[in-house]
There are 2 protein chains.
Amino acid sequence: MANASICTIGDEILIGQIVDTNSSHISAALEEIGVKVTRMVSFGDDHEEIINNLMNELTHNEIVITTGGLGPTKDDITKAALAEISGSKRYVINDGQLRMVHEILHARGLDVLDINRAQALVPEACEVIVNHLGTAPVMVFRFPKEKFGHSATIYALPGVPFEAVGAIPDVIKDIKRHNELTDIFHKCVMVFGMAESALSKEIESWEDGLPKDMHLAYLPNPLTGVRLRLSIYGGVREEEERRIDEAFARLRPILEDKIYSYKDDTLENAVGALLRGTGMTLSAAESCTGGKISSLITSVPGASEYYLGSVTSYAVPVKEKVLGVSEATINEYGVVSSEVASAMAEGVRKLTGSTYAVSTTGLAGPGGDEHNPVGTVWIGVAGPNGTKTVRKVYKNDRKRNIERFAAAALNELRLFILEDHN
Amino acid sequence: MANASICTIGDEILIGQIVDTNSSHISAALEEIGVKVTRMVSFGDDHEEIINNLMNELTHNEIVITTGGLGPTKDDITKAALAEISGSKRYVINDGQLRMVHEILHARGLDVLDINRAQALVPEACEVIVNHLGTAPVMVFRFPKEKFGHSATIYALPGVPFEAVGAIPDVIKDIKRHNELTDIFHKCVMVFGMAESALSKEIESWEDGLPKDMHLAYLPNPLTGVRLRLSIYGGVREEEERRIDEAFARLRPILEDKIYSYKDDTLENAVGALLRGTGMTLSAAESCTGGKISSLITSVPGASEYYLGSVTSYAVPVKEKVLGVSEATINEYGVVSSEVASAMAEGVRKLTGSTYAVSTTGLAGPGGDEHNPVGTVWIGVAGPNGTKTVRKVYKNDRKRNIERFAAAALNELRLFILEDHN
């Protein structure tokens, strides 16, 4: 098992100007080949800081991957720090990367300046993996066992996200070639409709009965529910994945239809999976969710196969005129009511001619009263076999309430379609 | 000047399953009050690892902010590590947080289990900042100068992003109370419609002419454009803010209506500001943005004053039947066309009776051809004085294209309303 550290170099990360997404891509790739990421560290463009941090990471890890600080401008100083760490006395031009610098700049219609040519200049101690997406090469520094008590390698990647991500396959190949690796196997189930704590209690005896070499993680998210992940280090893929599948099979009778997928998934995709290829279609009528449900449904590529569209009926006249909710219903029951949720779902189903429809009417906040406090939503689902409504109350801020309403609505829709299938 | 380290605790970060966005929010907030973030570190849910890492960060920083590992389940072990570091021999119930646990679970219609109650149990050495958004409190551990050679404080925040972000204001208040900080004065302008590099070139001479003590930052975001922030360290608030206002006044003739706000703002709020209190109303017709524009507009509290609603016409028959786009127009010009964008905007304006309407039709991806590559969008805006359409082409993935389309549409709407006002 090799340990790795991922280092992000750049002041812009430390002052919160940009979010580091590179590290997540790199660690996911390392995880897949059984390299354990022990730490991720971000530090600034400062010579001493870079050297101290990298020396520390090299002491504890066989693999150190850095991103950032390789640009042509004055504030990019990673290369000089790497030259010092590797004891490189001089820089050499890497011909492969120099050709790439010329190609890239010509394609952009730009002249090759000295500052660009300098990008192909690397410390003599390093090996180069040519970067085909940008001017800064990936530099590989290998250190003998004597230096840190174990073999150690630095991979220095550019910080520009698409260049960093683009370099990962070559880096992974190099790591596999130079290390004896243990595989890691993961599988997930997605659970909706239970808080993490209630879920944990519900599945306690199942969890206690897991084999010692299986590790369980709870990964909650307001839009997707709780992701339960089982991991095993080492073994034979087929066998370990079968064992995880068996463990999840024992979970099924406990959670039943609260499980909506046996892979890393979303509710909008699970709904799509129920409709795709069936010829059945879907529409939505949104009040308090204001377009969020529709936005989630259409975030799935290919949603146009089953999704016809939606009406956001924010104002009462739109509910009446476009969705055909009767004035009498609104006056008698109020806008936030089971009756209006019903009429909205049925209205948009009729308007679009869809097989199924989902609706929301509620209060995301501010406002509300005793009868309907902020966080109240009525969800409606309509289909060929009738209409159903559900009331939920959440207690979050406006933005989070809207997310919870939308997720709950997608889940009700999923259960409603499932019931029809059975 | 106080130094800070931000620590993210959790295996899910290290294996690349989730991207850490908390650290970026926290560092931006620290930056605003003049606290320098020296490092960000992520490490796993392992007792020894947590203790070693935190001890190391405490040695080099006055402030250590952690997120994660405070959940009620077995894989969350930050609290035990903090108890050990702080020498807490026992745990005590925090009444304020216990009340919050009851409130939150009751609001969700759930019973309070022992596992929930345990969330209010904290190491005796800590002070608690009650978390109003979740069951895990923020724990504050203060260490005397003798321990690390300087005063040091740990703030342990929950890892759930909206809870972590929600806790930031209270943490910042506490940091300001306990540290001698140099005031920092910031003001922002919001610019839309120029890439960072083009903007930087356009305002180069203005930037070069800024007083030496003013620091300029570019903060780009696909949904809001570029936020330009001027900062001054130290001084008297009134005087420094006046000087920043003067600098921004010199920027106005250069960027003109590309500036949409003189505070930290969003396009959907800027559009709302133009409509609020005027009696004028708004509606939307969305195809490729699938509800994103409506979702953004309704994310503004009080949007119901001016926003009537929208139609997501994902399927062609919905464009025809609900929005009244003629079959002939679609056949002659294609769905992704100026003519259809026009007809959609005019159609939803007529349907809802709104003063203004905005529409989108395009290709977020996958698909596309030579004529309309992925990333193409036609935006329509309609109002009492006519209709206008604009074509834009972006080069991102599906999710990012949808965001860019929605932002561009809100900006066209803003410019269109402004033109009517002048």
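In whole Å, what is the distance between the alpha-carbon centres of region A:273-317 and region B:360-391?
After rounding, the separation between the Cα centres reads 20 Å.
So how tilted is helix B:237-255 from the main axis of chain B? Cα-based, degrees 0 to 90, rounded to 10.
That works out to roughly 30 degrees.
Given B:Asn52, A:Gly71, B:Phe416, which one lies farthest toward the positive end of the charge dipole of the protein assembly as shown, if we put +1 on the Cβ of every Lys and Arg and -1 on the Cβ of every Asp and Glu?
Of the listed residues, the answer is B:Phe416.
Separation of region A:34-106 and region B:231-263 by C-alpha centroid, Å?
Using only Cα atoms to place each centre, the spacing works out to 38 Å.
Considering protein heavy atoms only and a 1.4 Å probe radius, which residues within region A:19-51 exhibit an accessible-area decrease of no less than 50 Å² in the full assembly relative to the chain by itself?
Buried on complex formation: A:Val19, A:Ser24, A:Arg39, A:Met40.
If one takes the longest principal axis of the Cα atoms in chain B, at what angle in degrees, from 0 to 90 and to the nearest 10, does the Cα axis of helix B:338-352 lie?
Value to nearest ten degrees: 80.
What are the radius of gyration and Dmax of the protein assembly as shown, computed over its Cα atoms and given in Å?
Gyration radius and largest Cα-Cα distance of the protein assembly as shown: 27.9, 85 Å.
Using the heavy atoms of the protein chains alone and a 1.4 angstrom probe, what is the accessible area of region A:267-421 per residue in square angstrom?
35 Å²
Once every DSSP H run of n ≥ 4 in the protein assembly as shown is given -39500 (n - 2.57) and the sum is divided by its residues, what mean residue ellipticity at 222 nm do you get, rounded to the nearest 500 deg cm²/dmol? Display every interim value, and only then the final one.
Working: 34 runs with 348 residues, N = 844.
-12000 deg cm²/dmol, from helical runs alone.
Filter the GluC sites (Glu not before Pro) in region B:115-197 to those in DSSP coil with at most 16 other Cβ atoms within 10 Å of their Cβ, and list the result.
Of the GluC sites (Glu not before Pro), the ones in loops of region B:115-197 whose Cβ has at most 16 other Cβ atoms within 10 Å are B:Glu124, B:Glu180.
Which residues, if any, in region A:375-422 have at least 10 Å² less accessible area in the whole protein complex than in the isolated chain, probe 1.4 Å?
A:Val393, A:Tyr394, A:Lys395, A:Asn396, A:Asp397, A:Arg398, A:Arg400, A:Ile402, A:Arg404
Running Debye on chain B with equal point scatterers at the Cα sites and no solvent, what base-10 log of I(q)/I(0) appears at q = 0.07, 0.11, 0.14 Å⁻¹?
These q points yield log10 I(q)/I(0) values of -0.47, -0.99, -1.19.
So for region B:131-175, taking the charge dipole from beta-carbon charges (+1 Lys/Arg, -1 Asp/Glu), which of B:Asn131, B:Ala152, B:Phe141 sits furthest toward the positive end?
My answer, from the dipole projection, is B:Ala152.
Accessible area lost on pairing B with A, both sides, 1.4 Å probe, Å² to nearest 100? Display every interim value, and only then the final one.
Numbers: alone 20260 and 20240 Å², together 34860 Å².
The summed interface area works out to 5600 Å².
What distance in nm lies between label points placed 7 Å from Cα along the C-beta direction at B:Glu370 and B:Ser326?
Going by the 7 Å Cα→Cβ label model, 3.0 nm.
I need the trypsin sites (Lys or Arg not before Pro) found in region B:167-257, filtered to DSSP loop residues with at most 11 other beta carbons within 10 Å of theirs.
Those satisfying the criteria are B:Lys212.
If one takes the longest principal axis of the Cα atoms in chain A, at what angle in degrees, from 0 to 90 and to the nearest 10, does the Cα axis of helix A:161-178 lie?
The angle comes out near 60 degrees.
Along the charge dipole of chain A, Cβ charges K/R +1 and D/E -1, which of A:Thr360, A:Val19, A:Ile104 sits furthest on the positive end?
Looking along the dipole axis, the top candidate is A:Thr360.
Would you look at the GNM of chain B, springs on alpha carbons closer than 10 Å, and say which of B:Thr360, B:Thr21, B:Thr289 moves the most?
Top of the fluctuation ranking is B:Thr21.
Would you mind listing the distances between the B:Glu202 label point and the same position in each other copy? Use 7 Å along Cα-to-C-beta, nm, one decimal, shortest first.
5.2
Under a Cβ-only charge scheme (Lys and Arg +1, Asp and Glu -1), can you give me the dipole magnitude of region B:267-421 about the Cα centre, in debye to the nearest 20?
Computed charge dipole of region B:267-421: roughly 340 debye.
Counting only heavy atoms of protein chains, what accessible area per residue, in Å², does region A:3-178 have with a probe of 1.4 Å?
43 Å²
Out of the trypsin sites (Lys or Arg not before Pro) in region A:373-422, which ones are loop residues according to DSSP with at most 13 other C-beta atoms within 10 Å?
For trypsin sites (Lys or Arg not before Pro) across region A:373-422 that sit outside H, G, I, E and B with at most 13 neighbouring Cβ atoms in 10 Å, the list is empty.
A drop of at least 20 square angstrom in accessible area, chain alone versus all protein chains together, probe 1.4 Å. Which residues of region B:312-339 meet that?
Relative to the lone chain, where solvent access is computed with a 1.4 Å probe, region B:312-339 loses at least 20 Å² at B:Thr312, B:Tyr314, B:Ala315, B:Val318, B:Lys321, B:Val322.
Just A:Ser23, A:Ser294, A:Ser205 to compare: in a GNM of chain A, with alpha carbon springs under 10 Å, which one fluctuates most?
Among A:Ser23, A:Ser294, A:Ser205, the largest mean-square fluctuation in the Gaussian network model of chain A belongs to A:Ser205.
For A:Tyr262, place a label point 7 Å from Cα along the Cα-to-Cβ direction in every copy; what are the distances to the other copies, in nm, shortest first?
Relative to the other copies, A:Tyr262 has label-point distances of 6.2 nm.
Past the 23 Å Cα-Cα mark, which pairs from B:Lys187/B:Lys392; B:Lys319/B:Lys395; B:Lys36/B:Lys176; B:Lys89/B:Lys176?
Those over the limit are B:Lys187/B:Lys392; B:Lys319/B:Lys395; B:Lys89/B:Lys176.
Measuring from a point 7 Å out along Cα→Cβ, what nm distances, shortest first, does B:Tyr333 have to its partners in the other copies?
List, nearest first: 4.1 nm.
If you roll a 1.4 Å probe over region A:80-203 with all protein chains in place, what percent of the accessible area is carbon or sulfur?
Result for region A:80-203: 53 percent of the exposed heavy-atom area is carbon or sulfur.
If I build a Gaussian network model for chain A, linking alpha-carbon pairs within less than 10 angstrom, which residue out of A:Asp245, A:Asp45, A:Asp114 has the largest mean-square fluctuation?
A:Asp114
Rounded to the nearest 20 debye, what is the charge dipole size of region B:180-314 about its Cα centre when +1 sits on each Lys and Arg Cβ and -1 on each Asp and Glu Cβ?
Its charge dipole is roughly 340 debye.
Given Cβ point charges of +1 (Lys, Arg) and -1 (Asp, Glu) and nothing else, what value in debye, to the nearest 20, does the dipole of the protein assembly as shown about its Cα centre take? Please list the in-between numbers first.
Values: 84 positive and 114 negative charges, 219 e Å.
The dipole magnitude comes to about 1060 debye.
The values are calculated or read from the model by the stated rules, or taken from the named source; none is laboratory data. All figures in this text were calculated on a predicted structure; none of them were measured in a lab. Don't worry about glycine lacking a Cβ; one is built from the backbone with ideal geometry, like all the others, and counts go over all protein chains shown. To get the accessible areas, we keep the full protein, side chains included, count just its heavy atoms, and leave off ligands, DNA and RNA. Shrake-Rupley method; radii C 1.70, N 1.55, O 1.52, S 1.80 Å.
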